[in-house]
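For reference, the structure is listed below as structure tokens.
The values are calculated or read from the model by the stated rules, or taken from the named source; none is laboratory data. Here the structure is a predicted model, which is why all the values come from computation and not from measurement. Every residue, glycine among them, receives a Cβ derived from its backbone with ideal geometry; neighbour counts consider all protein chains shown. Each accessible area value is taken on the protein alone, full model and side chains, heavy atoms only, with ligands, DNA and RNA left out. Shrake-Rupley method; radii C 1.70, N 1.55, O 1.52, S 1.80 Å.
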Amino acid sequence: MIDILTVNCSMKKNINELILNKEYEKAEKLLKNLYDKNEIDYLQLHQLAFLNIIRSNNKEAINLLKKSIEKNPNYPNSLSDLGSLYLKENQISEAKKYLLKSLDFNKYLFSSLNNLGIIYKNQREYKLAIKYFLNALRVNPKNYLVVYNLAQLFDALEDYNKAKDFYIKTLNLNPSYGNAIVAFYNLLLKTFEWRIINKFEPRLKNFGVKFFQGGDPLTFLYLDEENHVRKLRAINFFNSNFRRDHIKLKSQNNKKLRIGYISNNFVFHPVSFLISGVIKKHNRKEFEIYGYSINTKKDQITNKISNLFDVYRDISVKSDDEAANIIRSDKLDFIIDLMGYTAGSRMGILSKKVAPIQISYLAYPSTTGSDQIDYLLADNHVIPETEVDNFTEKIVSIPGTFMCFDDTTKISDKVTKNYFNNFKQESFIMVAFHRPQKLNLKTVSCWCDILNSIEDSFLWIKKPNKYAMKNLLEFFEMRDIDLSKIIFADREPTYEKHLSRYIVGDLLLDTFNYNGHTTTIEALWSGLPVITLQGKNFASRVSSSILRSIGLEELIANTIDEYKQKVIFYSKNPSKIKALKSKLFKLKSNGELFNTETFTKKLEDVLRELKR
């Protein structure tokens, strides 16, 4: 008996040494020999599972870990590894069960704490996720990925001071970690950290252009960049994150052409307000319209918009493979992605090819860099002929502007809180209902110059988060702006009431680099003229595209100085503003302002042409 124990101890030692020395084949041979003889114990089963995990043989690894747990139900490492594998397989309930059980026997097991943090983060149970990540950090204080996850969680909870601290800690631990670099920059934009932004931006020049360095392309749309730079970054991002095996789909022979729209934004979101009219106006004699929601969240808008589709499917909890199979089974002719790389997108689904013709449209004003998105819907102004090579998609131009709108959108006849009741009649009110990321220093500095140049002028800004509001006020004060000139607009409970506020203004001031796309449409629909600075890339040419389409080219500036002069000119010539507002009213009354039926027919003409 002593001899047998001696042999077993010697073999265990030998196996351990082989694994430590990465001589995996020799170790596996010894372990399989023990397995075949039924002489293997729970620790060795765990080792054999580990060797299968290395080879990505997860199915066999799961089987071996279950056998290890049968032999010793209290061994935390097998429980933890089994939970980790179930997490990889997207079997979340099983993953949680085994990860939580492993902590019963070792509450300091880093992998279990970290993976539970990931699960709860993905399920948007942010406070629980923070609890597990903080416990994981106590076990391994120098793990930059845990610190980064905590930064993202506090970011999501809008606790931006803590988020900032954790992003800085992440970058101290790993200064080249691209995801943290880009996310931290996005946080600086969201909170208008004007003291830091200019110092940080040089780090982003050509970031991710030669190779993928982390982060998402969306954040870079707030920078002043050429289209070709964005193309190179997008290609690297796509290849690193979304390149998939895909199948070639044959053209369908449906009696009616089938169009699918996929979005995370079939909720209270600008995209829904823009696209809903198009979905409603599609010619049902020739087209069948399918909707695919990838958002677990539902609201009143979801109920409304889902009924506009002929077929509506919620695929939000499906894996990429499952979702792709569901969409393919509908035998679409076209799938129109209303996401790009905006928040909540599922490019992994489209990368598997779910329709013979795949199109990017509306939400993301740049190239996706994907070799599986065939076309990008735009117009000749946002993407001139000289720029088409700077997009991986083939550009399809819609006559006029590519922007759509629902022309049945109502505007409330009452402004809930009129901030300007006690102001002088000659006061000049400039509206800026933009999200804080778009308020770059060039834009806000320009607005300061305008405020200082126009007596009795006021800037009405969409109320941002408290951090951005504080920083904005400090910036205005630093630029010697009387803070009584700055008014913050609270969130309105309904879209109709939100639109009614534009009526109070004299001009909407557009943002540079990344224009106010939906904001521009809303302002014009409400009868408020818009001054824009035409830029050099897609995102910075949308407002000028919209203005050109309705014959208001005089509101387009080509330089910052011209932008300022136009605003100052209209402030001194109220009759000119009145004429602009009258023109918008007339266009709307005649059904010529963002006519949904006309736009939908143009879109359908484009799709028919692509099908030929």
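Hey, ILE335 hits all of (1) of a type in the set (Val, Ile, Thr); (2) over 16 Å from ASN265 (Cβ atoms); (3) touching a strand residue (DSSP E or B) at 6+ places or on another chain (Cβ under 6 Å) but one; which does it fall short on?
Unmet condition: (2).
Pairs needed: first member in region 586-612, of a type in the set (Gly, Ala, Ser); second member anywhere, open to solvent by 30 Å² or more (accessible area, probe 1.4 Å) and not in a helix (DSSP H, G or I); C-beta distance under 9 Å; at least 6 residues apart or different chains.
Short answer, once both residue conditions are applied: GLY591/ASP407.
If a residue has to be open to solvent by less than 50 Å² (accessible area, probe 1.4 Å), assigned to a helix (DSSP H, G or I) and not polar (S, T, N, Q) to count, how many in region 165-195 make the cut?
15
Of all residues in region 136-175 being farther than 27 Å from ARG233 by Cβ and acidic (Asp, Glu), which is nearest to the chain's Cα centre (by Cα)?
Restricting to residues being farther than 27 Å from ARG233 by Cβ and acidic (Asp, Glu), the top hit is GLU158.
Condition first: open to solvent by 20 Å² or more (accessible area, probe 1.4 Å) and either hydroxyl-bearing (Ser, Thr, Tyr) or under 24 Å from the mean Cα position of the chain (by Cα) (or both). Now tell me which residues in region 241-263 satisfy that.
Within region 241-263, ASN241, PHE242, ARG243, ARG244, ASP245, HIS246, SER251 meet the criteria.
Under the condition of being hydrophobic (A, V, I, L, M, F, W, C) and assigned to a loop (DSSP other than H, G, I, E, B), which residue from region 247-259 is modelled with the lowest pLDDT?
ILE247
Being over 22 Å from the mean Cα position of the chain (by Cα) and farther than 21 Å from LEU232 by Cβ, is that true of even one residue in region 176-186?
No, because not a single residue in region 176-186 is over 22 Å from the mean Cα position of the chain (by Cα) and farther than 21 Å from LEU232 by Cβ.
Identify all residues within region 392-422 that are open to solvent by less than 40 Å² (accessible area, probe 1.4 Å) and more than 24 Å from LEU274 (Cα to Cα); write none if there are none.
Matches in region 392-422: PHE420 only.
Can you give me the number of residues within region 116-152 that are farther than 26 Å from THR296 by Cβ and touching a helix residue (DSSP H, G or I) at 6+ places or on another chain (Cβ under 8 Å)?
Residues in region 116-152 being farther than 26 Å from THR296 by Cβ and touching a helix residue (DSSP H, G or I) at 6+ places or on another chain (Cβ under 8 Å): 8 in total.
Restricted to region 121-131, and to residues that are of a type outside the set (Val, Ile, Thr) and either open to solvent by less than 20 Å² (accessible area, probe 1.4 Å) or within 20 Å of ALA180 (Cα to Cα) (or both), which residue is farthest from the chain's Cα centre (by Cα)?
ALA129
For ILE395, which of the numbered conditions (1) closer than 30 Å to ASP155 by Cα; (2) β-branched (Val, Ile, Thr); (3) free of Cβ contacts under 8 Å to residues at least 40 places away in the same chain fails to hold?
(1) is the only condition that ILE395 fails.
Could you pull out the residue among ASP407, ASP371, ASP389 that is within 29 Å of GLU496 (Cα to Cα) and acidic (Asp, Glu)?
ASP407
When only residues in region 572-591 that are open to solvent by 30 Å² or more (accessible area, probe 1.4 Å) and either touching a helix residue (DSSP H, G or I) at 6+ places or on another chain (Cβ under 8 Å) or small (Gly, Ala, Ser) (or both) count, which is nearest to VAL444 (Cα to Cα)?
LYS576
For LEU188, work out the one condition from (1) modelled with pLDDT under 95; (2) under 14 Å from GLN437 (Cα atoms) it doesn't fulfil.
With (1) modelled with pLDDT under 95; (2) under 14 Å from GLN437 (Cα atoms) applied to LEU188, the lone miss is (1).
Identify all residues within region 420-445 that are more than 27 Å from the chain's Cα centre (by Cα) and closer than 24 Å to SER500 by Cα; write none if there are none.
Matches in region 420-445: PHE420, ASN421, ASN422, PHE423, LYS424, GLN425, GLU426, SER427, PHE428, ILE429, MET430.
Can you name the residue in region 61-88 that is open to solvent by 70 Å² or more (accessible area, probe 1.4 Å) and farther than 14 Å from ILE118 by Cβ and, of all such residues, is nearest to the chain's Cα centre (by Cα)?
Here the residue is LYS66.
On the basis of being open to solvent by 70 Å² or more (accessible area, probe 1.4 Å) and among the aromatic types (Phe, Trp, Tyr), does PHE287 make the cut?
no
State all residues of region 279-293 that are among the charged types (D, E, K, R) and within 26 Å of the chain's Cα centre (by Cα); if no residue qualifies, say none.
LYS280
Which of the residues spanning region 541-578 are out of contact with any Phe, Trp or Tyr (no Cβ under 7 Å at 6 or more places or on another chain), closer than 19 Å to ASP224 by Cα and of a type in the set (A, V, I, L, M)?
Across region 541-578, the qualifying residues are VAL542, ILE556, ILE560.
May I ask you to list the residues in region 364-389 that are open to solvent by less than 20 Å² (accessible area, probe 1.4 Å) and more than 24 Å from SER251 (Cα to Cα)?
Matches in region 364-389: TYR364, PRO365, SER366, THR367, ASP379, VAL382, ILE383.
Could you say whether any residue in region 201-214 is outside any strand (DSSP E or B), touching a residue at least 12 places away in the same chain (Cβ under 8 Å), under 15 Å from the mean Cα position of the chain (by Cα) and on the phi < 0 side of the Ramachandran plot?
There is no residue in region 201-214 that is outside any strand (DSSP E or B), touching a residue at least 12 places away in the same chain (Cβ under 8 Å), under 15 Å from the mean Cα position of the chain (by Cα) and on the phi < 0 side of the Ramachandran plot.
I need the full set of residues from region 138-155 which are assigned to a helix (DSSP H, G or I) and either more than 15 Å from ALA180 (Cβ to Cβ) or modelled with pLDDT under 95 (or both), in order please.
Answer for region 138-155, where residues must be assigned to a helix (DSSP H, G or I) and either more than 15 Å from ALA180 (Cβ to Cβ) or modelled with pLDDT under 95 (or both): ARG138, VAL139.
I'm told ASP510 meets every condition in (1) at pLDDT 95 or above; (2) closer than 26 Å to GLU426 by Cα; (3) of a type in the set (D, E, K, R); (4) over 24 Å from the mean Cα position of the chain (by Cα) except one. Can you identify the failing condition by its number?
So the condition that ASP510 fails would be (4).
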